[in-house]
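**Q** Mind having a look at this structure? Questions to follow.
The values are calculated or read from the model by the stated rules, or taken from the named source; none is laboratory data. As the structure is a prediction and not an experimental result, all values here were calculated from the model. Quick reminder, even Gly has a Cβ in these numbers, built from the backbone with ideal geometry, and neighbours come from all protein chains shown. Heavy atoms of the whole protein, side chains included, go into the accessibility calculation; ligands, DNA and RNA do not. Shrake-Rupley method; radii C 1.70, N 1.55, O 1.52, S 1.80 Å.
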Amino acid sequence: MNRAFNRKKDKSWMHTPEALAKHFIAYNVKFLGHTEVDQPKGTEVVKDAVRKLKFQKHIKKSEGQKIPKVELQISIYGVKILDPKSKEVQYNCQLHRISFCADDKTDKRIFTFICKDSESNKHLCYVFDSEKCAEEITLTIGQAFDLAYKKFLESGGKDVETRKQIGGLQKRIQDLEAENSELKKQLQVLEEQLMIAQVPPGSSMSSKTPTDIFDMVPFSPMTPLVPLPASNGSAPPPPARPTEISRDLFGAEPFDPFTCGAADFPPDIQSKLDEMQEGFKMGLTVEGTVFSLDPLEGRC
(Lines give C-alpha, C1' and ligand atoms only; values in the text may rest on other atoms or scores of the structure.)
Protein backbone atom coordinates (compact mmCIF):
# COMPACT_ATOMS: atom_id res chain seq x y z
CA MET A 1 0.00 0.00 0.00
CA ASN A 2 1.06 3.57 -0.60
CA ARG A 3 -0.22 6.62 1.21
CA ALA A 4 -1.25 9.41 -1.13
CA PHE A 5 -0.13 12.31 1.03
CA ASN A 6 3.60 11.42 0.89
CA ARG A 7 3.90 12.70 -2.67
CA LYS A 8 7.11 14.67 -3.24
CA LYS A 9 6.54 18.41 -3.28
CA ASP A 10 8.89 19.03 -6.22
CA LYS A 11 6.42 17.28 -8.54
CA SER A 12 3.38 19.11 -9.85
CA TRP A 13 -0.15 17.90 -9.25
CA MET A 14 -2.27 16.32 -11.99
CA HIS A 15 -5.19 18.82 -11.99
CA THR A 16 -5.53 22.60 -11.86
CA PRO A 17 -6.51 24.12 -8.49
CA GLU A 18 -9.68 25.57 -10.02
CA ALA A 19 -10.87 22.11 -11.09
CA LEU A 20 -10.91 20.89 -7.49
CA ALA A 21 -11.81 24.17 -5.77
CA LYS A 22 -14.70 25.29 -7.97
CA HIS A 23 -15.71 21.99 -9.56
CA PHE A 24 -14.80 18.32 -9.07
CA ILE A 25 -12.93 15.47 -10.74
CA ALA A 26 -15.08 12.45 -11.58
CA TYR A 27 -14.08 8.79 -11.88
CA ASN A 28 -16.19 5.72 -12.69
CA VAL A 29 -15.20 2.77 -10.50
CA LYS A 30 -16.59 -0.44 -9.00
CA PHE A 31 -17.53 -0.28 -5.33
CA LEU A 32 -16.50 -3.33 -3.31
CA GLY A 33 -18.10 -1.85 -0.19
CA HIS A 34 -16.98 -0.54 3.18
CA THR A 35 -16.17 -2.16 6.50
CA GLU A 36 -15.46 -0.94 10.00
CA VAL A 37 -11.81 -0.73 11.10
CA ASP A 38 -10.25 -0.26 14.53
CA GLN A 39 -7.72 2.45 13.64
CA PRO A 40 -8.07 5.70 11.62
CA LYS A 41 -4.90 4.98 9.63
CA GLY A 42 -2.30 2.34 8.85
CA THR A 43 -1.21 0.15 5.95
CA GLU A 44 -2.02 -3.10 7.76
CA VAL A 45 -5.44 -1.75 8.70
CA VAL A 46 -6.46 -1.18 5.07
CA LYS A 47 -4.83 -4.47 3.97
CA ASP A 48 -7.12 -6.40 6.32
CA ALA A 49 -10.13 -4.43 5.06
CA VAL A 50 -9.23 -5.14 1.40
CA ARG A 51 -8.80 -8.87 2.07
CA LYS A 52 -12.15 -9.00 3.82
CA LEU A 53 -14.04 -7.17 1.05
CA LYS A 54 -12.27 -9.13 -1.72
CA PHE A 55 -13.43 -12.35 -0.08
CA GLN A 56 -17.01 -11.02 0.01
CA LYS A 57 -16.60 -10.05 -3.66
CA HIS A 58 -15.76 -13.65 -4.64
CA ILE A 59 -18.75 -14.94 -2.70
CA LYS A 60 -21.07 -12.51 -4.50
CA LYS A 61 -19.62 -13.52 -7.87
CA SER A 62 -20.19 -17.19 -7.13
CA GLU A 63 -23.82 -16.34 -6.30
CA GLY A 64 -24.22 -14.51 -9.63
CA GLN A 65 -24.22 -11.00 -8.15
CA LYS A 66 -22.41 -8.19 -9.95
CA ILE A 67 -20.17 -5.61 -8.32
CA PRO A 68 -22.05 -2.27 -8.43
CA LYS A 69 -20.57 0.64 -10.39
CA VAL A 70 -20.41 4.10 -8.83
CA GLU A 71 -19.15 7.56 -9.70
CA LEU A 72 -16.61 9.33 -7.51
CA GLN A 73 -16.64 13.13 -7.37
CA ILE A 74 -13.49 14.49 -5.72
CA SER A 75 -13.14 18.13 -4.65
CA ILE A 76 -11.65 20.18 -1.81
CA TYR A 77 -14.86 19.56 0.14
CA GLY A 78 -14.72 15.78 0.08
CA VAL A 79 -15.43 12.60 -1.86
CA LYS A 80 -18.96 11.84 -3.00
CA ILE A 81 -20.08 8.36 -4.05
CA LEU A 82 -23.00 8.55 -6.48
CA ASP A 83 -25.14 6.26 -8.62
CA PRO A 84 -23.77 6.73 -12.17
CA LYS A 85 -27.23 6.80 -13.79
CA SER A 86 -29.52 8.62 -11.35
CA LYS A 87 -26.71 10.73 -9.82
CA GLU A 88 -28.17 10.00 -6.40
CA VAL A 89 -25.61 10.53 -3.62
CA GLN A 90 -25.03 7.27 -1.75
CA TYR A 91 -22.20 8.46 0.55
CA ASN A 92 -20.79 11.92 1.18
CA CYS A 93 -17.38 11.69 2.83
CA GLN A 94 -16.24 15.15 3.91
CA LEU A 95 -12.55 15.80 3.40
CA HIS A 96 -11.78 16.73 7.02
CA ARG A 97 -13.16 13.31 8.10
CA ILE A 98 -10.87 11.32 5.75
CA SER A 99 -7.82 10.22 7.75
CA PHE A 100 -6.03 7.86 5.37
CA CYS A 101 -5.91 7.10 1.62
CA ALA A 102 -3.85 4.47 -0.17
CA ASP A 103 -3.54 2.41 -3.35
CA ASP A 104 -2.40 -1.21 -3.60
CA LYS A 105 0.93 -1.58 -5.40
CA THR A 106 0.38 -5.31 -5.89
CA ASP A 107 -3.04 -4.73 -7.50
CA LYS A 108 -3.10 -1.43 -9.36
CA ARG A 109 -6.89 -1.50 -9.61
CA ILE A 110 -7.54 -1.31 -5.85
CA PHE A 111 -7.52 1.86 -3.76
CA THR A 112 -9.00 2.68 -0.35
CA PHE A 113 -9.58 5.50 2.09
CA ILE A 114 -10.66 5.61 5.75
CA CYS A 115 -13.38 8.04 6.79
CA LYS A 116 -14.98 8.72 10.17
CA ASP A 117 -18.75 8.38 9.99
CA SER A 118 -20.60 11.53 11.07
CA GLU A 119 -23.41 9.66 12.87
CA SER A 120 -21.79 6.62 14.50
CA ASN A 121 -18.26 8.15 14.84
CA LYS A 122 -16.89 4.80 13.64
CA HIS A 123 -13.98 4.56 11.21
CA LEU A 124 -15.04 2.98 7.92
CA CYS A 125 -12.69 1.78 5.19
CA TYR A 126 -14.04 2.21 1.64
CA VAL A 127 -12.59 -0.07 -1.06
CA PHE A 128 -12.83 0.47 -4.85
CA ASP A 129 -11.82 -1.32 -8.07
CA SER A 130 -10.72 1.39 -10.54
CA GLU A 131 -9.50 -0.40 -13.70
CA LYS A 132 -5.78 0.43 -13.22
CA CYS A 133 -6.35 4.09 -12.16
CA ALA A 134 -5.95 3.57 -8.42
CA GLU A 135 -2.77 5.66 -8.18
CA GLU A 136 -4.30 8.55 -10.16
CA ILE A 137 -7.39 8.66 -7.91
CA THR A 138 -5.22 8.51 -4.81
CA LEU A 139 -3.11 11.44 -6.04
CA THR A 140 -6.26 13.43 -6.85
CA ILE A 141 -7.49 13.01 -3.27
CA GLY A 142 -4.01 14.06 -2.05
CA GLN A 143 -4.15 17.21 -4.20
CA ALA A 144 -7.59 18.04 -2.77
CA PHE A 145 -6.10 17.77 0.74
CA ASP A 146 -3.21 20.07 -0.19
CA LEU A 147 -5.54 22.74 -1.63
CA ALA A 148 -7.93 22.50 1.32
CA TYR A 149 -5.06 22.94 3.78
CA LYS A 150 -3.82 26.04 1.94
CA LYS A 151 -7.32 27.50 1.98
CA PHE A 152 -7.53 26.78 5.69
CA LEU A 153 -4.32 28.74 6.35
CA GLU A 154 -5.53 31.66 4.24
CA SER A 155 -8.89 31.88 6.04
CA GLY A 156 -7.41 31.58 9.52
CA GLY A 157 -9.44 28.47 10.33
CA LYS A 158 -12.84 30.03 9.68
CA ASP A 159 -13.32 28.01 6.57
CA VAL A 160 -13.40 24.77 8.57
CA GLU A 161 -16.53 25.79 10.45
CA THR A 162 -18.15 26.86 7.21
CA ARG A 163 -17.41 23.49 5.64
CA LYS A 164 -18.86 21.74 8.67
CA GLN A 165 -22.08 23.71 8.37
CA ILE A 166 -22.24 23.04 4.64
CA GLY A 167 -21.59 19.36 5.26
CA GLY A 168 -24.39 19.22 7.82
CA LEU A 169 -26.80 20.87 5.41
CA GLN A 170 -25.76 18.49 2.63
CA LYS A 171 -26.39 15.52 4.91
CA ARG A 172 -29.81 16.90 5.82
CA ILE A 173 -30.67 17.39 2.15
CA GLN A 174 -29.56 13.84 1.38
CA ASP A 175 -31.78 12.43 4.15
CA LEU A 176 -34.78 14.45 2.95
CA GLU A 177 -34.28 13.26 -0.63
CA ALA A 178 -34.18 9.64 0.53
CA GLU A 179 -37.32 10.17 2.63
CA ASN A 180 -39.07 11.83 -0.32
CA SER A 181 -38.18 8.91 -2.59
CA GLU A 182 -39.56 6.42 -0.06
CA LEU A 183 -42.81 8.38 0.29
CA LYS A 184 -43.23 8.43 -3.49
CA LYS A 185 -42.91 4.64 -3.58
CA GLN A 186 -45.49 4.22 -0.81
CA LEU A 187 -47.89 6.60 -2.60
CA GLN A 188 -47.54 4.61 -5.83
CA VAL A 189 -48.33 1.36 -3.98
CA LEU A 190 -51.44 2.92 -2.39
CA GLU A 191 -52.67 4.19 -5.77
CA GLU A 192 -52.29 0.72 -7.28
CA GLN A 193 -54.20 -0.85 -4.38
CA LEU A 194 -56.99 1.73 -4.76
CA MET A 195 -57.33 1.00 -8.48
CA ILE A 196 -57.56 -2.75 -7.81
CA ALA A 197 -60.22 -2.19 -5.13
CA GLN A 198 -62.40 -0.10 -7.45
CA VAL A 199 -62.54 -2.75 -10.21
CA PRO A 200 -65.10 -5.53 -9.41
CA PRO A 201 -63.77 -9.09 -9.76
CA GLY A 202 -64.34 -10.72 -13.13
CA SER A 203 -65.11 -7.44 -14.89
CA SER A 204 -63.10 -5.94 -17.71
CA MET A 205 -62.35 -2.25 -18.13
CA SER A 206 -62.60 -2.52 -21.91
CA SER A 207 -65.69 -4.80 -22.15
CA LYS A 208 -68.00 -3.97 -25.06
CA THR A 209 -71.23 -5.57 -26.31
CA PRO A 210 -70.54 -7.45 -29.57
CA THR A 211 -72.45 -6.30 -32.66
CA ASP A 212 -73.14 -7.78 -36.07
CA ILE A 213 -71.97 -6.51 -39.47
CA PHE A 214 -74.70 -3.81 -39.39
CA ASP A 215 -73.41 -2.54 -36.01
CA MET A 216 -76.55 -3.85 -34.30
CA VAL A 217 -76.76 -5.88 -31.12
CA PRO A 218 -77.84 -9.43 -32.04
CA PHE A 219 -81.09 -10.74 -30.53
CA SER A 220 -80.77 -13.40 -27.87
CA PRO A 221 -83.80 -15.22 -26.39
CA MET A 222 -81.94 -15.40 -23.09
CA THR A 223 -81.53 -11.63 -22.96
CA PRO A 224 -84.33 -10.02 -20.92
CA LEU A 225 -86.25 -7.27 -22.70
CA VAL A 226 -85.85 -3.89 -21.03
CA PRO A 227 -89.01 -1.71 -21.41
CA LEU A 228 -88.49 1.81 -22.71
CA PRO A 229 -89.71 4.72 -20.56
CA ALA A 230 -93.02 6.36 -21.48
CA SER A 231 -93.17 9.71 -23.27
CA ASN A 232 -94.38 11.51 -20.13
CA GLY A 233 -91.36 10.35 -18.20
CA SER A 234 -93.21 7.91 -15.94
CA ALA A 235 -92.10 4.32 -15.59
CA PRO A 236 -93.92 1.88 -17.94
CA PRO A 237 -96.22 -0.78 -16.41
CA PRO A 238 -94.73 -4.22 -15.93
CA PRO A 239 -95.48 -6.69 -18.74
CA ALA A 240 -98.48 -8.98 -18.11
CA ARG A 241 -97.72 -12.60 -17.61
CA PRO A 242 -99.50 -14.97 -20.05
CA THR A 243 -102.33 -17.05 -18.47
CA GLU A 244 -101.58 -20.73 -18.37
CA ILE A 245 -103.93 -22.69 -20.70
CA SER A 246 -104.78 -26.29 -19.82
CA ARG A 247 -104.64 -28.81 -22.66
CA ASP A 248 -106.27 -32.19 -23.21
CA LEU A 249 -104.69 -35.61 -23.60
CA PHE A 250 -103.64 -34.88 -27.20
CA GLY A 251 -102.15 -31.51 -26.41
CA ALA A 252 -105.04 -29.47 -27.93
CA GLU A 253 -106.86 -26.59 -26.26
CA PRO A 254 -110.36 -27.62 -25.04
CA PHE A 255 -113.45 -26.21 -26.89
CA ASP A 256 -115.62 -23.74 -25.00
CA PRO A 257 -118.72 -22.51 -26.95
CA PHE A 258 -119.40 -19.74 -24.44
CA THR A 259 -116.03 -18.08 -24.80
CA CYS A 260 -115.40 -18.62 -28.50
CA GLY A 261 -116.39 -15.78 -30.80
CA ALA A 262 -117.49 -15.80 -34.42
CA ALA A 263 -113.97 -15.60 -35.62
CA ASP A 264 -112.99 -18.77 -33.77
CA PHE A 265 -114.70 -21.18 -36.28
CA PRO A 266 -114.01 -21.93 -39.96
CA PRO A 267 -116.43 -20.26 -42.45
CA ASP A 268 -118.43 -23.40 -43.31
CA ILE A 269 -119.08 -24.34 -39.70
CA GLN A 270 -119.89 -20.77 -38.79
CA SER A 271 -122.55 -20.54 -41.56
CA LYS A 272 -124.29 -23.74 -40.38
CA LEU A 273 -124.33 -22.47 -36.85
CA ASP A 274 -125.92 -19.24 -38.00
CA GLU A 275 -128.70 -21.14 -39.87
CA MET A 276 -129.44 -23.30 -36.84
CA GLN A 277 -129.58 -20.23 -34.64
CA GLU A 278 -132.08 -18.49 -36.98
CA GLY A 279 -134.28 -21.60 -37.16
CA PHE A 280 -134.24 -21.88 -33.42
CA LYS A 281 -135.45 -18.32 -33.05
CA MET A 282 -138.30 -18.77 -35.61
CA GLY A 283 -139.58 -21.96 -34.02
CA LEU A 284 -140.14 -20.54 -30.57
CA THR A 285 -143.33 -18.48 -31.07
CA VAL A 286 -145.60 -17.99 -34.12
CA GLU A 287 -148.62 -15.70 -33.54
CA GLY A 288 -148.62 -16.52 -29.86
CA THR A 289 -148.76 -20.28 -30.36
CA VAL A 290 -146.12 -22.23 -28.56
CA PHE A 291 -144.34 -24.91 -30.56
CA SER A 292 -142.50 -27.74 -29.04
CA LEU A 293 -139.15 -28.62 -30.57
CA ASP A 294 -138.97 -31.91 -28.69
CA PRO A 295 -138.65 -34.69 -31.35
CA LEU A 296 -140.02 -37.24 -28.93
CA GLU A 297 -143.49 -35.67 -28.80
CA GLY A 298 -143.90 -35.62 -32.59
CA ARG A 299 -146.73 -33.09 -32.45
CA CYS A 300 -147.52 -29.48 -31.77
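**Q** To the nearest 20 debye, what charge dipole does the stretch 52-184 have about its Cα centre, counting +1 at the Cβ of each Lys and Arg and -1 at the Cβ of each Asp and Glu?
**A** It comes to approximately 260 debye.
**Q** Sticking with this structure for a sec: Quick one: if the Förster radius is 22 Å, what FRET efficiency do Glu179 and Ile67 give, using the C-beta to C-beta distance and rounding to 0.05?
**A** Plugging the Cβ-Cβ distance into 1/(1 + (r/R0)^6) gives 0.20.
**Q** Among Ala26, Val79, Ser62, flag the residue with its Cα farthest along the positive direction of the charge dipole of the stretch 23-86, charges on Cβ as +1 for Lys/Arg and -1 for Asp/Glu.
**A** Ranked along the dipole, the leading option is Ser62.
**Q** Let me ask something additional. With r as the distance between the Cβ atoms of Ala197 and Lys122 and R0 = 45 Å, compute the FRET efficiency 1/(1 + (r/R0)^6) and round to 0.05.
**A** So, using R0 = 45 Å, E works out to roughly 0.45.
**Q** Using only the Cα atoms, what convex hull volume per residue in Å³ does the stretch 4-95 have?
**A** 131 Å³
**Q** Of Val127, Val189, which has the most accessible area and how do the rest follow, probe 1.4 Å?
**A** Highest to lowest solvent-accessible surface, that is Val189, Val127.
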